[in-house]
1. Suppose the chain between A:Gln542 and A:Asn17 were pulled fully straight at 0.36 nm per residue; how much longer would it get relative to their current alpha carbon spacing?
2. Order of B:Val400, A:Val408 from fewest to most other C-beta atoms within 10 Å?
3. Compute the angle between helix B:211-222 and the longest alpha-carbon principal axis of chain B, please, reported from 0 to 90 degrees and rounded to the nearest 10.
4. How large is ³J(HN,Hα), in whole Hz, for each residue of the range A:425-436 in order, when computed from phi with the Karplus curve 6.51 cos²θ - 1.76 cosθ + 1.60 and θ = phi - 60°, using x for Gly and Pro?
5. Karplus couplings for the range A:343-353 from phi (6.51 cos²θ - 1.76 cosθ + 1.60, θ = phi - 60°), rounded to Hz, Gly and Pro as x?
6. List the residues whose amide H sits under 5 Å from the amide H of A:Ser280, counting only those 5 or more places along or on another chain, with H placed 1.01 Å from N in the peptide plane.
7. List the residues, sorted by chain then number, that are 5 or more residues from A:Ser91 or on another chain and whose placed amide H is less than 5 Å from its amide H.
8. Using the Karplus curve 6.51 cos²θ - 1.76 cosθ + 1.60 with θ = phi - 60°, work out ³J(HN,Hα) for each residue of the range A:124-133 in order, rounded to whole Hz, and write x for Gly and Pro.
Amino acid sequence: MSASMRIVNGRVYDPVNNVDGEIKEICIEDGKVVDSVSDEASIIDAQGMVVMPGGIDIHCHIAGPKVNAARKLQPEDHRHDVHPGTPFTRSGTGGTTPSTFATGYRYATLGYTTAMEAAVTPIGARHTLEEFHDTPIIDKGFYVLLGNNIFLQNLIREKRTEEFDQAVAWWVSSTKAYAVKLVNPGGDEPWKGKRNSNVSDIDEKTDDDLSPRQIIEAFIKTVNKQGYPHPPHIHCNNLGHSGNYQTTLETMKTAGDMRAHIAHIQFHSYGGELGKNPISKAAEIAEYVNSHPNITCDVGQVMFGRSTIMTADAPLAYVLKGHSKGKWVNADTECESGCGILPFTYQEHIYMHTLQWAIGLELFLLSEDPWRTILSTDHPNGGSFMAYPKLIKLLMDEKFRHEEMKRVNQKALLKCSLPELKREYTLNEIAIITRAGPAKALGLKSKGHLGTGADADITIYDVMDDKEMMFSTPRYVIKSGHMIIENHEFKTDFTGKLLHITPEYDKKIEEVVQPFFENYYSIEFSNYAVDDRYLHDHEIIQTGINKV
Amino acid sequence: MANENENIKIVENATCTFCGCVCDDMELHVDLNEKRITKAKNACVLGRAWFAEHTIEDAPAAMIDGEEVSVDEAIEEAAQTLVNAKFPITYGLSDTTCEAQRQAVAISDYIKGNIDTTTSVCHGPSGLAFQGVGESTSTLGEVKNRADLVIYWGGNPAESHPRHFGRYAVTPKGMFIPNGKKDRTVVLVDVRKTKSAPVADIFIKPFPGKDFEVLWALRALVKGSKLSSNIEEETGVPLETLSDLAERMKNCRFGVLFFGMGLTMTRGRHFNSGALLALATDLNEYTHFVAKPVRGHGNVTGADNVVSWQTGYPFGVNFSRGYPRFNPGEFTTVDTLSNGDADAALIIASDPASNFPKKAIDHLKNIPVITLDTKSTDTTKLSHVAFRTATYGINTTGTVYRMDDVPITLRSAFDSPFPDDETILTSIKKRVHELVLAKHYAGGASGEAKVAAINPL
């Protein structure tokens, strides 16, 4: 049913092609944007509407073992927010950790058509791919956790660089991942093996003579050398701790002029003394990002209300458990990762939560290059992706921002520059931080724009003064040329596809990895790599284009 | 043993789906002429029986009321039965693949029915406890690599999960456990001395039904509280034994509590599981400590996962309002049957007619039942529609989740003449969806035509 269509009379925002709100015709055929279509194509009259490429979420947690554990953990999160089915679509439940079907449909109802699950253990890749198959409408991929992988750390320590390059490529290929993820590199071993402790400094050497910086450097080098479409996606050490901006700056400096992506950078922009209330260091972080075009980041905005903390940073989740005093999940994955999960609520009256909220907004408003400071809430850690329209309103509407500031902790506002920032994002800039920017950072050349050959992932919004309303209610959503939402109603179901990469590796590396498996894993080596049956519809994004 | 037959195939690294250990190191010798597995190297006694017994029987692939019919006829009858019921229930699912489980949940969603798995009669209380207090847990490889204190509570793995000791938790050498069992302390807590007792360094025998009290006493000791001197009279366990265990737990480097149905299905149920999970959580104040329910069926963990990702809840889910609701005690199968709510049942890879309470079985006899099973069972015998299906992991590939949520892909040993669960359920789902859409478009031929034009699946 991928028909040809012609979208006419709409104001088009397509920053990649320098189209900034011009009235322009968009033609669609066979799931792609084309130069022209025959007269038989159906016409969508977008008079009074805004046309943008489909939204792209560069960092969220929507599928896989930890997400499913969080779903199981919180019946109370689902009960108040049900998602009824329609004759075409499946039912589900929502809250901060929606069921798979609800996740896909809800992204579509915001005009988002692609989302990247940001943390999956290699051993959990199969599970994630199974859930993706049940996550409709959107295209999706995942980042595989390799920063605390014991075998890879051994190779770094022993300076076996060539084998390290091969092993990383093997792991990425074998799991059908899209990118490499590092989370609190070096922190798992103290957590699991040294009575729940953690690393505290990027240059701290554990007993085995390996610092987080060495791990970060090794991954940045190999990924840049091999030209993966997306650079290492880094969750820095010391997340959430006062004074951690220094660690973040050091992490970015480690990259030199090589590409790196810093995840949910808001959580890493705190000044002050460890153990005491933080202050904002958004300006220092924004300045570094602004002046280093090799760095991309997503903000990880905190939105007030319910969230679910879910992270491979197990020590962090344990610290937060101390504050929430409620239920908590810890889940260790052999040789690969840790994990912590807990329900959490961000509250306006709490100093820390207000400061986090303000720092996120500061980072957006101080960003001089919207292409590299990308919108995210680290769903569901900072808040649900369903809060994106409200976040967009906060960025586009200074008056609204000031109204909201009246409701928050006033002491925290004194420790940041938010009240002085006058900037309002334009529609073109919103199109960059939600579409064009993430597509570029991900190396997705056929997404995030509406030029000829682009994927026909298109959202059409009614123009409204209330930007929150506007961005929560697209009138049309087109995915791969299929009319998914027409006049606000679901018209059909669609599976979407998996996006993954297949970096080449020398088969001999398997002989190097296998003995380690036989000794220290609990499943057989030959049952580890994920086979093609788990792909459903998929697209391999080319590796090697961005080689340095 | 392999005979001189030249048509012997060897399948390496096959997976045994008999219990929740899901050992994936089987070497299967398959006699392709006889269509049977003649040898299962590395399998335990239970696994060997599982592989040996799943041969191909001469039986109809589909029956309606005991009479052989074509599979297509049976699919049509199953779909009609489910769509026409007011309170159709789906049950079982723990002995089939995730691929089949996904189809089963879809059917329940389309027919606005009820779905539940065997979790509700085994570790359901652990699922509820999990929702209450969370869980500190790990994959089994982490236990093998790190655990220096291994506690089994209310279970008898020597007989129920024979390779749990040898493959994962007691004897294997691991990264930080270079000498295997010598580097670990093993504790068994059970109301009777089972065949698992010889493996334990310490055996603790509480009075039956007193697990909660013992666990709560340990929580108190771990936190440094004083216990009243009558704890032994109350629980059967001397204070010194409890204090010693509490100290061992606080001072180990990586401790694990495995627990079984001796805890979840006795007095206290989810309170027991909750107390144990809370104890493991408390211990993380002092050291690294994890807990893990020792799950029974080969893919019951997969069933929990699939039902959770599709609905948000692990078992006991009802779609009658057009969205999932969760209420164990109401939407769990013993209850939907015993209360007389269910008016049709789809039973997949399970035999409730042989092990449910009498009242539930009596109701099952009075409603149309559709079964998918590899064997003739008490439930298939009372079925309106009975499908004979291929055995997962022997005749089919697919995905199963080990008790620690690790997903593993199955390898097929030999083909079965019978279709697999996923194939049958996919066909039923398609037909059910057509019928539901047709109803939506006011029925009749025009409705069906619209369906044919628009059905996205």
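1. My answer for the length gained is 186.8 nm.
2. A:Val408, B:Val400
3. Helix B:211-222 and the main axis of chain B meet at about 50 degrees.
4. For the range A:425-436, the Karplus-derived couplings read 5, 8, 4, 5, 5, 4, 4, 6, 6, 10, 10, 5 Hz, x marking Gly and Pro.
5. x, 8, 10, 8, 10, 4, 7, 8, 3, 4, 5
6. A:Gly271
7. A:Gly85
8. x, 4, 4, 4, 4, 5, 4, 5, 4, 4
No lab work stands behind these numbers, since they all come straight from the coordinates. The shown structure was predicted, so the numbers you read here are calculated from the model rather than taken from an experiment. Note that we place each Cβ from the backbone using ideal geometry, even for glycine, and neighbour counts take in every protein chain shown.
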